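The values are calculated or read from the model by the stated rules, or taken from the named source; none is laboratory data. Values in this document were obtained by computation on a predicted structure and should not be read as measured data. Note that each Cβ is placed from the backbone with ideal geometry, even for glycine, and that neighbours are counted across all protein chains shown. We work out accessible area using only protein heavy atoms, side chains counted, and drop any ligands, DNA or RNA first. Shrake-Rupley method; radii C 1.70, N 1.55, O 1.52, S 1.80 Å.
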Amino acid sequence: MVAGNWKMNKTLASSSSLINDLGRELAGFTLKENCQVVVCPPAIYLLAVKGLLEVHQLSYVGVGAQNCHHLDFGAYTGEVSATMLQSLGIDYVLVGHSERREYFSEQDSLLKLKVEKAIDNGLTPIFCCGEKLEVREKNQHFELVKKQIIESLFELTAQDFAKVIVAYEPVWAIGTGVTASPAQAQEMHAFIRSTISEQYGSSVADNTTILYGGSCKPHNAAELFGQTDVDGGLIGGASLKAKDFAAIIACL
Ligand code: PGA
């Protein structure tokens with residue numbers, strides 16, 4: 001899977017141009033079997049983007065939100081729930097992106113509720129985890145990522161866990177131009193898979209999609225995706241440029 005996280009970028013007009021350009025870049029392209037492409041625009045553009053993808057022969061591209069509330073409805077001014085997303089026909093939702101953790105104080109216990117709510121509403125959560133630089137420097141990155149996964153995901157039944165996509169995004173690599181080396185990504189992805197295997201068994205673990213995110217660009221995507229346990233990427237900056245995003249999709 002390649003998923004594009006637009007974050008808080010684009011106007012309606014520039015979202016439209018991006019999809020238009022993506023349609024041109026991907027004209028004649030056939031996505032390999034078992035591969036998926038998703039775009040996660042700001043919530044306010046979800047429906048428009050969904051419609052534009054169809055217009056530009058990109059209806060195979062899924063649409064995801066960047067966040068959801070952990071309850072269905074209520075007095076939570078400004079929030080959008082998984083139930084609402086489902087009512088728009090949205091298929092995916094990012095949960096626990098490091099920017100949500102950092103700037104909106106989202107903790108593992110809250111993210112657990114969000115993941116569960118997403119699944120209850122038939123959405124596929126793309127659960128993000130990853131360590132900050134100081135944690136890696138103290139060599140505590142495996143422990144931290146394991147804790148994030150255990151606390152937010154491991155109360156799910158095996159059947160529900162199988163609906164989750166995991167994205168490993170080392171915070172020090174996000175938007176910095178510094179990418180984890182393919183070896184560093186592989187090492188952590190293998191660790192995540194073995195952590196999943198301990199809880200749910202090897203068949204669930206082997207079937208879990210684990211994405212890498214953090215300065216993934218056209219020039220490094222092929223090598224990252226070539227690692228045994230890297231099943232694709234969660235792309236920030238490069239997903240805002242049609243040419244770059246198409247080039248990364250072509251690495252699947
Ligand atoms: P980046 O962002 O590709 O711009 O580093 C990745 C992300 O935050 O998902």
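A few points about this structure:
- Here the peptides 7-17, 104-114, 124-134, 223-233 are ranked by packing, the mean other Cβ count within 10 Å, and the order with the highest first is 124-134, 223-233, 104-114, 7-17.
- Carbon/sulfur fraction of accessible area - the chain, other protein chains in place, 1.4 Å, %: 51
- Estimated 222 nm signal from helices in the chain, with DSSP H stretches of n ≥ 4 weighted -39500 (n - 2.57), rounded to 500: -12500 deg cm²/dmol
- The dipole here belongs to the chain: it is taken about the Cα centre, uses +1 on the Cβ of Lys and Arg and -1 on the Cβ of Asp and Glu, and is about 560 debye.
- Using a probe of 1.4 angstrom and keeping all protein chains present, the accessible surface of the stretch 114-161 works out to 46 square angstrom per residue.
- Modelled this way, with points 7 Å down the Cα-to-C-beta line, the labels at E143 and S194 are 1.7 nm from one another.
- Take the stretch 1-94 with all the other protein chains still there, run a 1.4 Å probe, and you get 50 Å² of accessible area per residue.
- In order through the stretch 66-73: 3J(HN,Hα) via Karplus (6.51 cos²θ - 1.76 cosθ + 1.60), integer Hz, x for Gly, Pro: 9, 5, 8, 6, 8, 10, 7, 8
- Cα gyration tensor shape for the stretch 130-208, rounded if a/c is under 1.5, else prolate or oblate: prolate
- Gyration tensor verdict on the stretch 56-131 (Cα atoms; rounded if a/c is under 1.5, prolate if a/b is larger than b/c, oblate otherwise): oblate
- Global geometry of the stretch 98-241, whether rounded, prolate or oblate, following the gyration tensor of its Cα atoms and the 1.5 cut on a/c: rounded
- Potential extension, E187-K32 segment - 0.36 nm per residue separation minus Cα distance: 53.2 nm
- Sequence ranges 195-208, 38-51, 78-91, ranked by mean other-Cβ count within 10 angstrom, highest first: 38-51, 78-91, 195-208
- Convex hull (Cα only) mean projected area of the stretch 100-173, reported in nm² to one decimal: 4.9
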